[in-house]
2 protein chains.
Amino acid sequence: MSSTRTPAPRGRRPGAPDTRAAILAAARHRFAEQGFARASIRSIAAEAGVDPALVHHYFGTKDELFVAALELPVDPRRVLLPAIAEGGLDGAAERLVRAFLSVWDEPEIRVRLVAVFRGVLDADGERLVREGFLPVVLGPVGEALGIDRPELRMPLVASQMLGLIMLRYVVAVEPLASLPPDDVVAIYAPTLQRYLTADLP
Amino acid sequence: MSSTRTPAPRGRRPGAPDTRAAILAAARHRFAEQGFARASIRSIAAEAGVDPALVHHYFGTKDELFVAALELPVDPRRVLLPAIAEGGLDGAAERLVRAFLSVWDEPEIRVRLVAVFRGVLDADGERLVREGFLPVVLGPVGEALGIDRPELRMPLVASQMLGLIMLRYVVAVEPLASLPPDDVVAIYAPTLQRYLTADLP
């Protein structure tokens, strides 16, 4: 749509790479510094030296910008939400675990996810998880499931999935690291199903 | 017992502080480099420039030396094992979670445990967890419980406890971070009891 004479971008993504990169760098910085809620598109645009409209043009909503700033190899919402859309709460945990494993068990994707995971334990990373990942990524999953008390249930789900990631993929403890996906599902789906649906204090 | 004229150590611990510190530094280095199983007391003593007998004198067994090298503010075996000794498998998970919370909910201990936890995601730390923490710390807990397949069940328990640590204490996600201990027990004990005792694939 632009009529400027900048050369066509070579990457797969639209937009001038430098501008995109500058916006993403500014977004990571502001989100980490101020948290997801307080970092505004306006302040991110200012830091990147671009017009706020350009941020929206490249990235859409603030949620989208946040997920892009995480630089995940896959958008977790595109993995998890279809798994939920397939059916109701019955068997939702099993579909979640399977969707999750389908991504993490791919060696090339896993390498990049593990790198992101390590970053989570920086002070900045913690804030991104607390104020961004949980509301932006897990929030829509809880909403799609239509569960009560999603603000408690989704962190419980996350607490088991994070521990599983840590031991199966990051620390790679046996026999967890080599367990066939069906066994992982059989072990963990009942835990998650209870967190999603059981009576809780 | 020593008749040398070095000044009496000022700390609470017996032994010349420099020697102890040198042994611990060597132990951390060898355990991280070679793993728990392959690092020998002899090689650790050699790296510290002391006699192997002195390592045994200060630290006892290799297991004890390993736990000392982790520099935890509390020895997890002294927290978890008594909780198990109180009763059989019935209610074991609840006692485990309570023992665990009694330590982590102490602000002064927590600060130091969080620091240890962050170190776990270094490559060295991962090896310590995989080859040391699980067999040395969780192994005896599984043994004391007398469960079948402890080599699978204890990592499952760890996978939930690590995720809980991460969200409740390290990232401090609400409402998990402020949940009363009784609620944490009500939520997590059934998960752990199932990992300890249920039929698993």
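The values are calculated or read from the model by the stated rules, or taken from the named source; none is laboratory data. Owing to the predicted nature of the structure, the values given are computational and were not obtained by experimental measurement. Every residue, glycine as well, gets a Cβ built from its backbone with ideal geometry; the counts of neighbours run over all protein chains shown. Accessible surface is based on the protein model in full, side chains and every heavy atom, while ligands, DNA and RNA are left aside. Shrake-Rupley method; radii C 1.70, N 1.55, O 1.52, S 1.80 Å.
Listed values, structure above:
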| item | result |
| --- | --- |
| Label-point gap, in nm, between B:GLU174 and A:ASP183 - each point 7 angstrom along Cα→Cβ | 4.2 |
| Inter-centroid distance (Cα atoms) of the range B:174-201 relative to the range B:43-67, Å | 38 |
| Accessible area buried between chains A and B, both sides summed, probe 1.4 Å, in Å² to nearest 100 | 3300 |
| With all protein chains modelled, accessible area of A:ASP148 [1.4 Å, Å²] | 90 |
| Three-way shape label, the range B:103-201, alpha-carbon gyration tensor, a/c 1.5 | oblate |
| In degrees, nearest ten, helix A:17-38 long axis to first principal axis of chain A (Cα) | 60 |
| Per residue convex hull volume, Cα atoms of the range B:17-70, in Å³ | 60 |
| Kirkwood Rh in Å, taken over all unlike Cα pairs in the protein assembly as shown | 23.4 |
| Dipole of the range B:76-197, positive direction: furthest Cα of B:PRO180, B:LEU156, B:PRO82, with charges on the beta-carbon | B:LEU156 |
| Distance between modelled label sites at A:LEU200 and B:ARG38, nm, 7 Å Cα→Cβ extension | 4.3 |
| Shape category assigned to the range A:70-139 from the gyration tensor of Cα positions, a/c cut at 1.5 | oblate |
| Contour excess over end-to-end distance, with Cα ends at B:ALA46 and B:GLU143 and 0.36 nm allotted per residue | 31.7 nm |
| Chain B - charge dipole about Cα centre, Lys and Arg +1 at Cβ, Asp and Glu -1, debye rounded to 20 | 660 |
| Residues of the range B:150-168 buried by at least 10 Å² on assembly (accessible area, 1.4 Å probe, chain alone as reference) | B:GLU151, B:LEU152, B:PRO155, B:LEU156, B:SER159, B:GLN160, B:LEU162, B:GLY163, B:MET166, B:LEU167 |
| Around B:VAL185: net Lys/Arg minus Asp/Glu count, Cβ-Cβ under 11 Å | -1 |
| Chain B: equivalent-ellipsoid semi-axes (sqrt of 5 x gyration tensor eigenvalues, Cα, Å) | 33, 19, 16 |
| Accessible-area composition of the range A:76-197, carbon plus sulfur, in percent [1.4 Å probe] | 56 |
| Point-to-point label distance, A:LEU54-A:ASP90, nm (Cα→Cβ direction, 7 Å offset) | 5.3 |
| Angle between chain B longest axis and helix B:76-85 axis [Cα atoms, degrees, rounded to 10] | 50 |
| Cα pair distances exceeding 16 angstrom across the range A:64-108, given as percent | 43 |
